[in-house]
1. Note the full-extension length gain between B:Leu185 and B:Val270 as 0.36 nm times their separation in residues minus their Cα-Cα distance, in nm to one decimal.
2. Given a 1.4 angstrom probe, I'd like the percentage of the accessible area of segment A:22-293 that is carbon and sulfur, rounded to a whole number.
3. Of A:Ser36, B:Ser129, which has the most accessible area and how do the rest follow, probe 1.4 Å?
4. For segment A:52-150, what is the convex hull (Cα atoms) projected area averaged across all directions, in square nanometres?
5. Quick check: Cα centre of segment A:29-62 to Cα centre of segment A:214-240, how many Å?
6. Label-point separation (nm) for B:Ile247 and A:Leu101, each offset 7 Å from Cα along Cα-to-Cβ?
7. Ranked highest first by average number of other Cβ atoms within 10 Å, how do A:78-84, A:116-122, B:55-61 line up?
8. If we count every other residue with Cβ under 11 angstrom of B:Arg12's Cβ, Lys/Arg +1 and Asp/Glu -1, where does the sum land?
Amino acid sequence: MTRVSLLLSALFEPGWNSSEPVLTAVVIGGGAAVVSGVVGVLTVMRGQSFAGHALADVSSAGGAAAFLLGLNPLLGFLLMGVIAAAGMESFAAHRIRERDLATGVVLGAGLGLSALLLYLDVTSKSTTGAAITVMFGSMFAMPPSVVPLALAVGGSALLAIALLYRPLLLSSLDPALARVRGVPVRLIGLCHLLVVAFAVALSAVTVGAILSTALLIGPAAAALRIAGRPGGAMLLAAVIGVAATWGGILIAYDSYDWTGGHGWPVSFCIVTIIFLAYLAAGCPARGKVRAAARPGKAGVQAAGRG
Amino acid sequence: MRGESEVLAVQRLSVSLSGRRILDEVDFALHGGEFCGLIGANGSGKTTLLRTILGFVTPTSGRVVIDGGHRLAQIGYVPQKIVLDPAIPMRTRDLVGLGLDGHRLGLPLARRARRRLVDAMLEAVGATSFAEQRVGELSGGEQQRALIAHALIRRPRLLLLDEPLANLDIKSIATTVSLLRRLALEYRMTVLLSTHDMNPLLPAMDRIVYLANGRAATGRTEDVVRGEVLSRLFGEHVDVIRVHGRILVIAAGAGNGASADLERHPDHVVQVP
Ligand SMILES: Nc1ncnc2c1ncn2[C@@H]1O[C@H](COP(=O)(O)OP(=O)(O)O)[C@@H](O)[C@H]1O
Ligand SMILES: [Mg+2]
């Protein structure tokens, strides 16, 4: 009963939907979750979670630079992510085995740069907020001026996925098969990394650079445990991501009341919901594997079809 | 079959990888509808030859001519090893569909014509019963049939298969070979199939490319699998014996380094000390 009344009071919290920062958070957070969910499914299917995580971390250097120069933070995250993606792809050369190595090298260099820029942020602007904002986000402090660029970035990422859908799927299944079908496998790999950079830049302005991995991988991993098709998994990951983001915003906004004014960080609330969704998704998947392993399943299907 | 046009011509092809010569002046041609076995021990260069035919490896000299010129449009390929993750939500049907239009841009439309094509292909390789199953959950033989359907759905003139019989049980080996023989006839398609044991192919194979020491003995099966031809290829005396419809190649080892010899011989070669 208390939980229901908590939710209702949260929903009808005076001002929750008329406050501009909250509205900005709802729009950009929701958009970032959709893009991260869709892109994340491909990232997990391609086994590139580490690359996704590295891009997110490295983009923090761009966020720190934007802070220093007073630029749009999304632009900073985006540019740094794109540079890192191009760097990883060119270092990875031709061998799959070298991919993690290239990723690790770029990650190390990027985080070093990030350390320098954050240090400069903190010393020159004499605020300690920069590091927290860049790394862990500040959902309710986003300037509304971010919205147009965010929509453009999110829209182009989704468009790219729709356009490259089949070559991406085929090359994630097996690069040789894709090559024989005439798919330029390396170019497709680069496009995927760029789209990941777009997705993590979007979530970096909301939940922060470090936690954007959670938004990229968590909903996708949960959705892949449940969905039967790649398209279905993308849709489900987007739904889980949006639900977690909006739920997290709601709880965080509400927590100002029960914590006596300082409240819980939105990022914490969102990531916790994603983690719980992943745990919850584990149960039906285990049931499905058992069902698939049962002998005679194929026979039943064949009979049903014939 | 000799009357049919040339589908694949490999002309004095030499390939070096990291400075080591893997293929040395390999030369053969395949015509429409021919079923050719590419035989050789592990490391003899079978995969390298197939990848060169596909254009993935650049030869040091010689060339590959595909009838019609457009290489990839005419070739279906079943790679040697493919690890399909059971966690990937893709069904056999999706894999076969991607063989049709996996290179196309844009979202796939659920057209009825596409579905009919995929259904027919699944039926042709006997994959209908596991069409809705995830590809990562298939058995070795089922996965092989799914990959063959993926490779064939565009009706290529030439089908390359890299060790499709490895890791299959004896019964699946026989069904796969007869399936491929039937499809080759039905689609008037040329098949080049690599294996390290030629015996399962004997009922189907009308031509052979036998690789050893970087060189190839090529021709009709009965012309190549002969003592003097293989002796010249191996660079040591061997006898070819036919027993119970199988072929055994007996290498009367020179006594020096017999175990090393075993390493470089295919499965049907028996070493006699
Ligand atoms: N990229 C490469 N660089 C150097 N040597 C290679 C490379 N790929 C294969 N080889 C060598 O070429 C030889 C032939 O390999 P491969 O064509 O895979 O043989 P097979 O398929 O008959 O087992 C092997 O000795 C292998 O070690
Ligand atoms: Mg091989």
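The values are calculated or read from the model by the stated rules, or taken from the named source; none is laboratory data. The shown structure was predicted, so the numbers you read here are calculated from the model rather than taken from an experiment. Virtual Cβ from ideal backbone geometry, glycine too; neighbours counted across all protein chains shown. In case anyone asks, the SASA skips ligands and DNA or RNA and just uses the protein heavy atoms, side chains included. Shrake-Rupley method; radii C 1.70, N 1.55, O 1.52, S 1.80 Å.
1. 27.3 nm
2. Working: 8040 of 10710 Å².
Roughly 75 percent, rounded to a whole number.
3. The residues order as B:Ser129, A:Ser36, largest area first.
4. Average projection, Cα convex hull of segment A:52-150: 6.4 nm².
5. 13
6. 4.2
7. Listed from highest to lowest mean packing, they are A:78-84, A:116-122, B:55-61.
8. Combined, the nearby Lys, Arg, Asp and Glu give -2.
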